[in-house]
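Peer 1: Handing you this structure, nothing more for now.
Only the coordinates and a few stated rules stand behind these numbers; no lab work does. Here the structure is a predicted model, which is why all the values come from computation and not from measurement. Because the Cβ atoms are built from the backbone with ideal geometry, glycine has one as well, and the counts that use them run over all protein chains shown.
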Amino acid sequence: MAEKKLWGGRFEAGLEKWVEEFGASISFDQKMAEFDIKGSLAHVTMLGETGIIPQKEADTIKKGLEELLVAYQSGELTFDVSNEDIHMNIESLLTEKIGSVAGKLHTARSRNDQVATDMHLYLKAKLGEVLEKLAHLRSVLLALAEEHVETIMPGYTHLQHAQPISFGHHLMAYYNMFIRDSERFTFNLKHTDLSPLGAAALAGTTFPIDRQRTSDLMGFAAPYSNSLDAVSDRDFILEFLANSSILMMHMSRICEEIISWCSQEFRFVTLSDTFSTGSSIMPQKKNPDMAELIRGKSGRVYGNLFGLLTVMKSLPLAYNKDLQEDKEGMFDTAETITVAIDILAGMLTSMTVHKEHMAASTEKDFSNATELADYLASKGLPFRQAHEIVGKLVLECSKAGYYLQDIPLARYKEVSDLIDADIYETLSSKTAVERRHSLGGTGFDQVSWQIKQAKQDL
């Protein structure tokens, strides 16, 4: 005997199984089961309180839903693809448990406002989790930066040695990026903390429902003010996917640097074995696979964003079946970023920083060239003229195979009588970093100030 659909009254024939499976969403939207039940509990509580259904029946339905919630949390519920989605599966299971009175649960409600409510509840919970994990990641970065305020490393532009900087300063740049990521997710929470329940299919309902009551019961800040908007837009998910894409971009950037720093060419850091793998053929290899995976998964998250943008771009109001495609990308992104944040925090916490090698790499380059130009400018020489002099000296050194700090004072005097013996102290990497006192600069005092400010906000 064919499975009876909860919406089947209008239809003379049922769906063929392969068509049914194509249209079903239970394979993925079962992730919202807990939230679907909690939304139903709020709805039936309101139905009873308003007298839309008798209180005794409301209590029966509530008891059945509470039992289903316990069973779900214990892993005892089995869902059936013939019931299409999580809403119909839960109603079907409830009917098996308490009988036909379960059908009254859907009074003054549609699957359209139900699914939107489930997604709001799901994403609100996930946003709280993401914000907690980002706070932990920032605390890890902060601790590492504080440890390495006076660790010298090369700063890069165009992937070329540019100027020596504090490693702590470098880490605080990412700290600030993750602060802004956290702020974006916090703002996202504002748009997620709205209740669509009671919007029904698109136009509201003739029943005397209390939308504020259900909103309060579910812990939302407020109900949607327009029923069409409540069931038809998914911009709160798009906002989440966009914010997640930016976050993944930031994490991918620091992972790209970690990957480089681990290489034989850099040897700035060593990752712990926990976050590395070996080669099946080359016994000496220690690969930064977890950092590479975060870098790779950024593309996955971007894809989820563009997928939903494409689904949404031509949808007329109000609900369309296309919107079934809004869930998998949201689930996948939420799961991807929460794990990636933890992995990155773990890598940073456990990695070994080779600060002596970092500092040494700034001694065999021309990253102190700006210091010499600034030195001459501070003594009254126009900067453009100073820049040209230093450029010629760099060329001279490059051809001869030595560096600015190796030039004898006599040669410096030939170039400019403004140069004195203090030039060698000026050309020191540590001095170059230490002297950059401008607000937000890499000077040790400024990095310490950044860390102090961050601690107040964490």
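Peer 1: Under the rule that an exposed site lies in a DSSP loop and has at most 11 other Cβ atoms within 10 Å, name the longest stretch of the chain with no GluC sites (Glu not before Pro) of that kind, not counting the sites themselves.
Peer 2: Excluding the exposed sites themselves, the longest stretch runs over 266-458.
Peer 1: Then there's this: Give me the net charge for the shell around Glu434: Cβ to Cβ below 12 angstrom, other residues only, Lys and Arg +1, Asp and Glu -1.
Peer 2: Summing Lys/Arg as +1 and Asp/Glu as -1 gives -1.
Peer 1: State which stretch of the chain is the longest one without any exposed chymotrypsin sites (Phe, Trp or Tyr not before Pro), exposure meaning a DSSP loop state and at most 15 other Cβ atoms within 10 Å.
Peer 2: By the stated rule (loop sites, at most 15 other Cβ atoms within 10 Å), 12-401.
Peer 1: While we're looking at this one, here's another question. So who's got an amide H within less than 5 Å of the one on Met351, skipping anything under 5 residues away but keeping other chains? H placed 1.01 Å off N, in plane.
Peer 2: Ser272
Peer 1: Relative contact order for the chain using alpha-carbon pairs under 8 Å, separation at least 6, rounded to a whole percent?
Peer 2: Rounded, it is 16 percent for the chain.
Peer 1: Another question, then. Whole angstrom only: what separates the Cα centroid of the range 52-117 from the Cα centroid of the range 369-427?
Peer 2: 79 Å
Peer 1: What number, in nm² with one decimal, is the all-direction average of the projected area of the convex hull of the alpha-carbon atoms of the chain?
Peer 2: 30.3 nm²
Peer 1: What does the helix-only formula give at 222 nm for the chain: each DSSP H stretch with n ≥ 4 adding -39500 (n - 2.57), the total divided by the residues, and the result rounded to the nearest 500 deg cm²/dmol?
Peer 2: -19500 deg cm²/dmol
Peer 1: Treat the count of other C-beta atoms within 10 Å as a stand-in for reagent exposure and order Val70, Val415, Val130 from fewest to most.
Peer 2: Ascending Cβ contact count within 10 Å gives the list Val70, Val415, Val130.
Peer 1: Are any of the pairs Lys63/Lys104; Lys31/Lys327; Lys31/Lys313; Lys133/Lys455; Lys38/Lys321 more than 20 Å apart by Cα-Cα distance, and if so, which?
Peer 2: As for pairs spanning more than 20 Å Cα to Cα, those are Lys31/Lys313; Lys38/Lys321.
Peer 1: Among the lysines, which fall within straight-line cross-link reach of Lys399, defined as a Cα-Cα distance under 19 Å, with same-chain neighbours fewer than 8 residues apart omitted?
Peer 2: Output for Lys399: Lys364.
Peer 1: Counting alpha carbon pairs within less than 8 Å and at least 6 residues apart, what relative contact order, in whole percent, applies to the range 16-107?
Peer 2: This gives 39 percent for the range 16-107.
Peer 1: Which of the aspartates and glutamates could a cross-linker bridge to Lys190, judged by Cα under 18 Å and excluding same-chain residues fewer than eight apart?
Peer 2: Leaving aside aspartates and glutamates fewer than 8 places away in the same chain, those within reach of Lys190 are Asp118, Glu129, Glu132, Asp181, Asp216, Asp229, Asp233, Asp235, Glu239.
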